[in-house]
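Worksheet: the structure to be examined is printed underneath.
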Amino acid sequence: MLSIHSSPLGALGTRDTGGMSVYLRHVSRQLGAAGHQVDIFTCAGAPAPPRDLAANVRLIRIGPGALAEMPKERLPDQVPAIFAALEAFRIENGLDYDLIHSHYWISGLVGEMAQSRWRRPHLVMFHTLGAAKNAPGSGEHESRRRVDEERRLAAGADRVVAPSAGEAAHLTGLYGVAPEKISLVPCGVDLELFQPRGRTAGRLRLGWPVDEETMLFVGRLAPLKGLENLIAALALLRPRHPRLTLRVVGGDDAQGPPALIRRAQTLGVAEAVRFMGRIEQTDLPVYYSAADLLALPSYYESFGLVVLEALACGTPVAATAVGVVPDVIREGRNGVVLTGPAPDAIAQGVAALLAVPGDPQRAAHIRRTVEKYGWPSVAADIETLYRQILSGRN
Ligand code: UDP
């Protein structure tokens, strides 16, 4: 597996580390437990000897230390050197890989070199697509180069893994990928970690007032996630919901980004927006459980792990129709699909969810809607896919 720009051990919720790292940790652990040898190569983090992440799973840091400091935009120019370091490790250790699974387009470029040198199948999972991130209004500006390379990589890979029906549609619609080249395998959720912990118990532990109405946001604070609109929606909702608060988990520092703080001040809701910084994932179940809802008004997600995490904790979700949302959200059961990312659409959906009366069985009902998404079943599907591809080759 190639995870060149971001390490599976990185700090979740910071700029370049999120769902992809969670995915790698879980899928590799499950494949290792099934007896497969998995080596994950990365250039992120300080140079260090290979380390064991789980049984049969190693994390191997390649390339000079300078690569870790380099903005990821410059990594594509380093691809030949990165592949040379990977190849040197492989030869020195007498390894022969059966299959290459690349994560994100920069890894795809390295994987493509391995594919042609080793003559082994190459699967790519982009995790996000440049062309989809550039959606109007998203505030993201992915380079022409990224978009072109993704299109080219998808054409040359043996298989592209899409985690949601929406992402498969983007691959065909934006990049012209043939449907038979796309395999739909969803991401998962750690059902043991993410469990309902009780709204009141969670609030007592976190010091949140019991009579506060709480919208929770969890994620990297990227423009794509629509936080600016969420703050504007909060301002629309406050006259009818004076105790409504937005709690924001994630980001590189606990103060919150100055632009979003200014936005909240201008709209007169600065007191109602609480930036909490990044939180260790093992502590997140209490946050999800304590909240009244998770809000994810993204312009685009390839999947959106936080949606499954909130639902597994029994908390409803208000989210735009991105990633896994249309596949999993059933209105009236576990949340609401927002009609769009604009503030009034968010406000309308959130108001509808806040109006649902409390029910002691609700958390258990909501959790049931994601019970099929455990990581063991995700990894079993990935393993089946690997076997299909390998048997097609041999
Ligand atoms: N996360 C975390 N702590 C934080 C913020 C996020 O552990 O402070 C984790 C969260 O639990 C989730 C992942 O980061 O598993 C974010 O994944 P998602 O697919 O929602 O977003 P992405 O980062 O892929 O855009």
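The values are calculated or read from the model by the stated rules, or taken from the named source; none is laboratory data. All values reported here derive from a predicted model rather than from experimental measurement. FYI the Cβ positions are ideal-geometry reconstructions off the backbone, even for glycines, and counts take in every protein chain you see. Accessible surface is based on the protein model in full, side chains and every heavy atom, while ligands, DNA and RNA are left aside. Shrake-Rupley method; radii C 1.70, N 1.55, O 1.52, S 1.80 Å.
If I go through the range 45-60 residue by residue, how many of them are open to solvent by less than 50 Å² (accessible area, probe 1.4 Å) and in a strand (DSSP E or B)?
5
Against the condition open to solvent by 60 Å² or more (accessible area, probe 1.4 Å), closer than 16 Å to Gly108 by Cβ and of a type outside the set (Asp, Glu), how does Arg144 come out, does it pass?
Judged against the criteria, Arg144 is not a match.
Is it true that some residue in the range 65-83 is farther than 22 Å from Arg145 by Cα, assigned to a helix (DSSP H, G or I) and of a type outside the set (Lys, Arg)?
yes
Pairs under 6 Å by beta carbon, first residue part of a helix (DSSP H, G or I) in the range 6-29, partner within 8 Å of the ligand (Cβ to nearest atom), six or more apart or different chains?
Correct list of pairs: Gly19/Leu305; Met20/His127; Val22/Leu305; Tyr23/Cys187.
Please determine whether any residue of the range 37-44 is open to solvent by 10 Å² or more (accessible area, probe 1.4 Å), within 18 Å of Asp98 (Cα to Cα), in contact (Cβ under 8 Å) with a residue 40 or more places away in the chain and part of a helix (DSSP H, G or I).
No - not one qualifying residue is present in the range 37-44.
Keeping to the range 159-200, report how many residues are β-branched (Val, Ile, Thr) and over 14 Å from Phe303 (Cα atoms). Give the derivation first.
To start, the set of residues in the range 159-200 that are β-branched (Val, Ile, Thr) comprises 160-161, 172, 177, 182, 185, 189, 200.
Now restrict to residues that are over 14 Å from Phe303 (Cα atoms): 160, 172, 177, 182, 200.
Residues that pass the stated criteria total 5.
Given Gly198, Gly166, which one is closer than 28 Å to Gly374 by Cβ, open to solvent by 10 Å² or more (accessible area, probe 1.4 Å) and under 18 Å from the mean Cα position of the chain (by Cα)? So that I can check it myself, show each step before the final result.
Numbers: Gly198 fails: under 18 Å from the mean Cα position of the chain (by Cα).
Every option except Gly166 fails the conditions.
Within the range 75-97, is there a residue that is open to solvent by 10 Å² or more (accessible area, probe 1.4 Å) and of a type in the set (Ser, Thr, Tyr)?
Scanning the range 75-97 turns up at least one residue that is open to solvent by 10 Å² or more (accessible area, probe 1.4 Å) and of a type in the set (Ser, Thr, Tyr).
Sort out which residues of the range 304-352 are of a type in the set (A, V, I, L, M) and surrounded by fewer than 21 Cβ atoms within 10 Å (Cβ to Cβ), and write them in order of number.
Scanning the range 304-352 gives Ala321, Val337, Ala342, Ala345, Ala351, Ala352.
Residue pairs, Cβ under 7 Å, 6 or more apart or interchain, first in the range 348-361 and among the β-branched types (Val, Ile, Thr), second open to solvent by less than 60 Å² (accessible area, probe 1.4 Å). List them.
From the range 348-361, the pairs are Val350/Met215; Val350/Ala233; Val350/Leu237; Val350/Leu293; Val350/Ala295; Val350/Ala318.
Under 6 Å between Cβ atoms, at least 6 apart or on separate chains: pull out the pairs that start in the range 118-131 with a residue that is open to solvent by less than 30 Å² (accessible area, probe 1.4 Å) and end on any residue that is of a type in the set (Lys, Arg) and in a loop (DSSP other than H, G, I, E, B).
none
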